[in-house]
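Presented below is the structure to which this report refers.
The values are calculated or read from the model by the stated rules, or taken from the named source; none is laboratory data. Just so you know, these numbers come straight off a predicted model, no measurement behind them. So basically every Cβ, Gly included, is an ideal-geometry build from the backbone, and we count neighbours across all protein chains shown.
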Amino acid sequence: MSGISSIDRLDWADVGTQLDQEGYALLPGLFDAAQARALPPWTGTAKAGHHESLASGDLGSGDLFYLAQPLPEPLATWQAAFYRHLAPVANRWNETLGVGYRYPDELDAFIALNQLAGQRRQRSSLSRLREHDYQALHQQTEGEHVFPLQLVALLSTPGEDFSGGEFVMTEQRPRMQSRPVVLPLKLGDAAIITTAQRPCKGSKGYYRVSLKHAISRVRGGERIGLELWFHDAP
């Protein structure tokens, strides 16, 4: 991915269809190998704003490196470009669910609303999971302004850099068993996923389904992943 033009050239009609039907959309090869390999070293630099253990928040085992505020380039430019295409999806979902709130067209305007509501802490992060580490099922919905979509990416090579560590999602529909999904991510692959809830069409109209995501236990090596969020934390 060289920049905004690459994001604009994605088949956004297909992405929207995948999101509506499944709650996620796969973006194979979003980052080339060089771009994917360039991000993990940030864990040891000022571009990683601060480090937290997953265990400290009862979210599993491993390390989270929250990125600096403002977000370092080129991620800041990519974040704004993705938001521009995803805001119409988010607004369509709200309209479908009868929610009056509408997201601004541009990320800067949405972040300004975050700031006014006291949401000033960077949520985007790199995760580093080593042997026996994992990330528990979770969703991040704290704050008045929560964007319903986020981007995740894999920055290591399965089978070479690590084993295990599959990206897992669960979808809970009312009065039904949870539906598990494993996303087959490779080095440089990304996915747009539901942050917490999305509309789903049933026989009597639309209803809400709740999604969470996790990373299964790493059996060996080191797995580096990226979570790119569009809203900040309180």
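Among the criteria (1) outside any loop (DSSP other than H, G, I, E, B); (2) touching an Asp or Glu at 6+ places or on another chain (Cβ under 8 Å); (3) crowded, with 19+ Cβ neighbours inside 10 Å, the one F110 does not fulfil is (2). When segment 113-145 is filtered for residues that are part of a loop (DSSP other than H, G, I, E, B) and over 20 Å from Y66 (Cβ atoms), the ones remaining, listed by number, are E131, H132, E144. The single condition among (1) surrounded by fewer than 21 Cβ atoms within 10 Å (Cβ to Cβ); (2) modelled with pLDDT of 95 or more; (3) out of contact with any Lys or Arg (no Cβ under 7 Å at 6 or more places or on another chain); (4) on the phi < 0 side of the Ramachandran plot that E142 does not meet is (2). Which condition does E131 not pass, out of (1) touching a residue at least 60 places away in the same chain (Cβ under 8 Å); (2) touching a helix residue (DSSP H, G or I) at 6+ places or on another chain (Cβ under 8 Å), if it passes all the others? With (1) touching a residue at least 60 places away in the same chain (Cβ under 8 Å); (2) touching a helix residue (DSSP H, G or I) at 6+ places or on another chain (Cβ under 8 Å) applied to E131, the lone miss is (2).
Has segment 176-185 got any residue that is closer than 18 Å to G16 by Cα and either out of contact with any Gly (no Cβ under 7 Å at 6 or more places or on another chain) or of a type in the set (F, W, Y) (or both)? Working first, answer last.
Within segment 176-185, the first condition is being closer than 18 Å to G16 by Cα, and the residues that meet it are 183.
Within this subset, residues satisfying the condition of being either out of contact with any Gly (no Cβ under 7 Å at 6 or more places or on another chain) or of a type in the set (F, W, Y) (or both) are 183.
Scanning segment 176-185, I find at least one residue that is closer than 18 Å to G16 by Cα and either out of contact with any Gly (no Cβ under 7 Å at 6 or more places or on another chain) or of a type in the set (F, W, Y) (or both), so the answer is yes.
Residues that are under 26 Å from L30 (Cβ atoms) and of a type in the set (K, R) were ranked within segment 71-120; the one that is farthest from the chain's Cα centre (by Cα) is R92.
When segment 208-227 is filtered for residues that are surrounded by fewer than 20 Cβ atoms within 10 Å (Cβ to Cβ) and small (G, A, S), the ones remaining, listed by number, are S210, A214, S216, G220, G221.
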